[in-house]
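Asker: First the structure, which I've put down as structure tokens, then a few questions once you've had a look.
Just so it is clear, none of the values below were taken in a lab; they were calculated from the coordinates. Fair warning: this is a prediction, and the values are worked out from it, not measured in the lab. We place every Cβ from the backbone using ideal geometry, glycine too, and count neighbours over all the protein chains shown.
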Amino acid sequence: MLRLRPAYAAVPLFIATCLAAVLSACGGGGGGGGGGGNTTPPVTSPALNFTPATVTASVTAGTSQTLSVAAAVVRPGDFSNATAIFALLTDTTGVILPSAQVVRDSDTQYHATLQTAPTLAAGNYKGSFSVKLCRDNACASQFPGSPMSLPYDITVVPAGQTTLTAVPAMPLTASVQSGGAAPASVTVAITSGGRSWTASNGGASWLKLSATSGNGDGSLTVSYDASGLAQGDYSSTLRIASDTQNVVLPVALTVLPPGLVLGSSSVTFNAVNGAPVPSQIISLDTDNKISTGFTAASNAAWLAVSPTSGATPATTILSVDPTVGKLISGSYSGAVTLTASNQTARTLPVTLNLTPAKLQTSVASMAFGGPYGRDFSSSQSLTLNLNTSTNSWPWQLDTLPSWLGANVTGGSVNQAGTTLTFKALPANTGLGANSAMVTATGKVNGDSVTTQLLFSINKDAHKLLPSEVAVPLISVPGWSRLTRTITVADNYGSFGGMSATSDQSWLVVAVSGNKLTLTADPSQLTDDSLNTATITVTASDNDVTALERIRVSLWRGAAKPAATTTAALPYTNLVADPLRPYVYAHNGGAYIDIYNVYTGRKEGTLTGFSSSLGDMAVTPNGDSLYVVDINNSRVTIVNLAARSISAQLPLAVAGTSNTRIRLIRPNGVELLLLSDGQVYLTLDTKRLNDLPLSGGGVMAISADGKRLVQQSETSSIKHTSVNLDYATFGGGTLFAAKVNAASHASPGTQGQDVAISADATRIYSAASAPKSCAIMNTSDLGILGYMAIGDAAPNNIKVSIDGRIFCGGATRSGNSDIYMYDSAGSKILQQYKLSTTGKLLLPRQMVLSGEGWVLSAITDDGTVTFLAIGP
């Protein structure tokens, strides 16, 4: 047995195996050889047979789909003396990710798992991967039959568009005796997402379709008509088409030769081993037409004759039984000896031709985990059948991988088929992609017939995700927020319980199902003190290995905040801390001041920055402050607990004063987003693929971090919506799909600010005109209503944690600057005036404290005003 010696690269991918490790490539020519210069080398057929022959898929834009290919070695002898075999798949177009896996199933059978690139735009991708088998790592010499081409035909449909599928109830493969009854019809289920579709039979007159077109989800029936067909094999395709998508299913029909009754010459039985074999009738007579007695005897155990005696003219029935002796498929010879009185004995040759039965499945592969590696809630089923008509035979599955369970692993099966249901067990495998080839074996008389099933699993990290990771609590005279209930979700959708602990005596946490109730006791604390605690959440499910931490703060104030407090130093940029009762303000210079919004006092100053600062953002848990360093093409990161610079994040594209930044946690993974589309993983500052944004502008993020809306800050307003997710497999993958229905021009002029409701069902837009903040639905940006703000030109919009909406605008009149609406946006609850001297509210410089009870804003004279909003 040759040793496996793997070597890895991105794409192309080198893998050394003991025999043809499929899907490979090397560069370079073939082996040596002698002979004259005019000798033409023989043409060598491909070294591998691929199943399927063409890699096909229909994938939704922004997602990755796992594709499976099996490869069988055509000539094992070509590799018998090889010390190592290097194999490579070359993809020059970026259709697949560089994380292909090749697994050896036997010396002559391999399979590979590929994943389509999630960055592919909508459209159809056709071409061929180049596959080579090499004798050395540099591929200076190739094995016979290399290189090979593996065609692919991949359709990427836009996000939100349903993928066309066509799934037969059983394989479209049938056999029929010439002149016999037609094979059973097969139902094909079609899913088209409401679109119309057409069906064609590839021009085969023997392939009958119950319908050639339809609308929406439906089905059609495939039937076979062998009338007039000569014996032999027939093949065609069933093609289902809808818009740009096609599903092509191969169809095969075998017409078996009839059992031949050649008078008294010979008889032939042709049958599938294990299927019922029709008997044949032989007529007997004497050539002189005189009745005489006869006897009949068989010389083979599997051949029976009845009756064994009688008088001519007569008929005798020949029947065969392959279960006698448990025959293997092949050709068998026997004879019936007919002896008549006063006649020479005659021998009737009988031939039995048995073809192997075919064990088949309705699908050749199954993938678990979904595109994000978290969808394990449902099982998947397939039909296993054996073309032995009504005769049933035992079958058995190989040992399943530890991460896969099945309702049955053995039993009996015939043409009607049996249903196998599989369910992933993600707790039994590691992160990333894994695959296994499982063989189903049927025992039919002396034959062992097999079929192979390829199973794959994508597993993301299993996590608990609190709805809030920063919880600000307040205790001041007249205002109190000392309890908070947080919902904890399981990213697999299989919540299995949890426990939680607090690291501070003044904060207790209670667990009820998937909810945490936090309760603070301020009596232990001193006045005008900020106190912090950490809640640690531990999952009961052992598959959830990472602890989740929730930051909690409690401000105990000696006095209720004044209705209005100001900070007179000139500032241009403001951001709120989601955890602490603080805002951070700068004027574009080298320092950032910290203010307590409840007292209006300056709590400190952050220093060490460059002289040109831009937009700021705070992490959702309040751990860090990020600020754009315009001069040095980077983002500076500040540890807010230590109040010191902790790191510098270099930018691939420099930021400007117009660059907006946001910090989000899709699937609990923290990312830094820039308005030009740049994305960075904050854990290690790794740059990810750019987002499909539209040239800059203010951004709003849903509470779960999975929906982004960008609004342009230009005279004509355009919104761009993107669905976001992040999975840890494949070295970490960001999924970003533009939502076309919610990405287009919108009414109004001169976009200023945008916000998303807590439940991500509504988008709120502030633009200079009209003089109202717009309410839009998230799905398609349809206008649901407007929130008027008098004579002010809207330039700020914020939504508090309790759902109240704050629309602010610039006005020099005595009118209010800020209007507070109820959560429906239909009722004005309060109006506020920032400046009595006619100063204007700056665009995008209005923020809310974490609990939403204090509003802070900058006017064009640089003054920060703190407004006490209250519960």
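Asker: Rounded to the nearest angstrom and ordered from largest down, what semi-axes does the equivalent ellipsoid of region 259-355 get from its C-alpha gyration tensor (root of 5λ)? Kindly include the intermediate steps, with their values, before the conclusion.
Answerer: Numbers: eigenvalues 138, 27, 23 Å².
Whole-Å semi-axes of the equivalent ellipsoid: 26, 12, 11.
Asker: Work the Kirkwood hydrodynamic radius out for the chain: mean of 1/r over every pair of different alpha-carbon atoms, inverted, in Å. Write down the numbers at each step before the final one.
Answerer: Details: mean 1/r = 0.0305 Å⁻¹.
Kirkwood radius, the chain: 32.8 Å.
Asker: In addition: How big is the C-alpha Rg of region 399-447 next to the rule-of-thumb value 2.2 N^0.38 Å, as a ratio? Write out the running numbers ahead of the final one.
Answerer: Values: Rg = 13.9 Å, N = 49, 2.2 N^0.38 = 9.7 Å.
Working it through for region 399-447, the quotient is 1.44.
Asker: Eigenvalues of the Cα gyration tensor times 5, then square-rooted: what semi-axes does that give for region 464-548, in whole angstrom, largest first?
Answerer: 28, 12, 10
Asker: Along the charge dipole of the chain, pointing to its positive end and built from +1/-1 on Cβ of Lys, Arg, Asp and Glu, which listed residue (Thr685, Ala166, Gly838) has its Cα farthest out?
Answerer: Farthest along the dipole direction, towards plus: Gly838.
Asker: Cut-off under 26 Å on the C-alpha distance; same-chain residues fewer than 8 positions from Lys602 excluded. Which lysines are left, in chain and number order?
Answerer: Leaving aside lysines fewer than 8 places away in the same chain, those within reach of Lys602 are Lys560, Lys798, Lys833, Lys839.
Asker: A further question on this structure: Evaluate E = 1/(1 + (r/R0)^6) for Thr761 and Ala121, where r is the Cβ-Cβ distance and R0 equals 41 Å; express this FRET efficiency to the nearest 0.05. Kindly include the intermediate steps, with their values, before the conclusion.
Answerer: Values: r = 28 Å, r/R0 = 0.69.
With R0 = 41 Å, the Cβ-Cβ based efficiency is 0.90.
Asker: Express the Stokes-Einstein translational diffusion coefficient of region 71-222 in µm² s⁻¹, to the nearest whole number, given a Kirkwood radius over alpha-carbon pairs, 20 °C and a viscosity of 1.002 mPa s. It would help to have the intermediate numbers written out before the result.
Answerer: On the way: Rh = 19.7 Å.
Taking Rh from Cα pairs, D becomes 109 µm²/s.
Asker: Any idea how far apart Thr450 and Ala568 come out in nm if each label point goes 7 Å out from Cα toward Cβ?
Answerer: 8.8 nm
Asker: Further question: Taking 2.2 N^0.38 Å as the expected size of a compact globular protein, what ratio does the Cα radius of gyration of region 569-659 give against it, to two decimals? Don't skip to the answer; put the middle values down first.
Answerer: Values: Rg = 12.3 Å, N = 91, 2.2 N^0.38 = 12.2 Å.
Against the compact-globule rule of thumb, the ratio is 1.01.
Asker: First select every other residue whose beta carbon is under 13 angstrom from the beta carbon of Trp302; then total the charges, Lys and Arg +1, Asp and Glu -1. List each step's numbers first, then the result.
Answerer: Numbers: positive: Lys326; negative: Asp321.
Here the count lands on 0.
Asker: To make sure I understand the rule: partners must be lysines, Cα under 29 Å from the Cα of Lys326, and not fewer than 8 residues away in the same chain. Which ones qualify?
Answerer: Within the straight-line cut-off, Lys326 pairs with Lys358, Lys443.
Asker: Continuing with this model, one more query. For the chain, which span is the longest to avoid every loop-located (per DSSP) member of chymotrypsin sites (Phe, Trp or Tyr not before Pro) having at most 15 other Cβ atoms inside 10 Å?
Answerer: Working: sites that count: Tyr8, Tyr591.
Longest site-free region, per DSSP loop and neighbour criteria: 9-590.
Asker: Please list the radius of gyration and Dmax for region 619-684, considering alpha-carbon atoms only, with Å as the unit.
Answerer: 11.4, 33
Asker: Please report the spacing between the Cα centers of region 700-717 and region 436-455 in Å, no decimals.
Answerer: Between the Cα centre of region 700-717 and that of region 436-455, the gap is 54 Å.
Asker: Tell me, what is the FRET efficiency for Thr165 and Ala745 to the nearest 0.05, using R0 = 25 angstrom and their Cβ-Cβ distance as r? Let's see the in-between values first.
Answerer: Details: r = 34 Å, r/R0 = 1.38.
Efficiency at R0 = 25 Å is approximately 0.15.
Asker: Roughly how many Å is it from the Cα centre of region 598-624 to that of region 635-673, as a whole number?
Answerer: 12 Å
Asker: Rg (Å, one decimal) plus Dmax (Å, integer) for the alpha carbons of region 356-459?
Answerer: 14.5, 45
Asker: Let me ask something else about it. Please report the projected area of region 592-714's Cα convex hull averaged over all directions, in nm².
Answerer: Taking the Cα atoms of region 592-714, their convex hull projects to 8.2 nm² on average.
Asker: List the relative contact order of region 698-738 as a percent without decimals, with contacts defined as Cα pairs under 8 Å and 6+ residues apart. Write down the numbers at each step before the final one.
Answerer: Values: 63 pairs, mean separation 11.7, N = 41.
Dividing the mean separation by the residue count of region 698-738 yields 28 percent.
Asker: Enumerate the amide H contacts of Phe368 below 5 Å, restricted to partners 5 or more residues apart or on another chain; note that Pro and chain-start residues carry no placed amide H.
Answerer: Amide H to amide H, under 5 Å and 5 or more residues apart or across chains, Phe368 pairs with Ser456, Ile457, Asn458.
Asker: Which distance in nm do the two modelled labels at Ser223 and Glu603 give, with both placed 7 Å along the Cα-to-Cβ direction?
Answerer: 7.9 nm
Asker: Lysines within cross-link reach of Lys459: Cα-Cα under 22 Å, excluding same-chain residues under 8 positions apart?
Answerer: Lys423, Lys686, Lys706
Asker: Quick one: Karplus J couplings for region 71-76, per residue in order, coefficients 6.51, -1.76, 1.60, θ = phi - 60°, nearest Hz, x for Gly and Pro?
Answerer: 9, 10, 6, 6, 10, x
Asker: Could you tell me the distance between the Cα centroids of region 518-587 and region 331-394, to the nearest Å?
Answerer: First find each Cα centre; the distance between them is then 71 Å.
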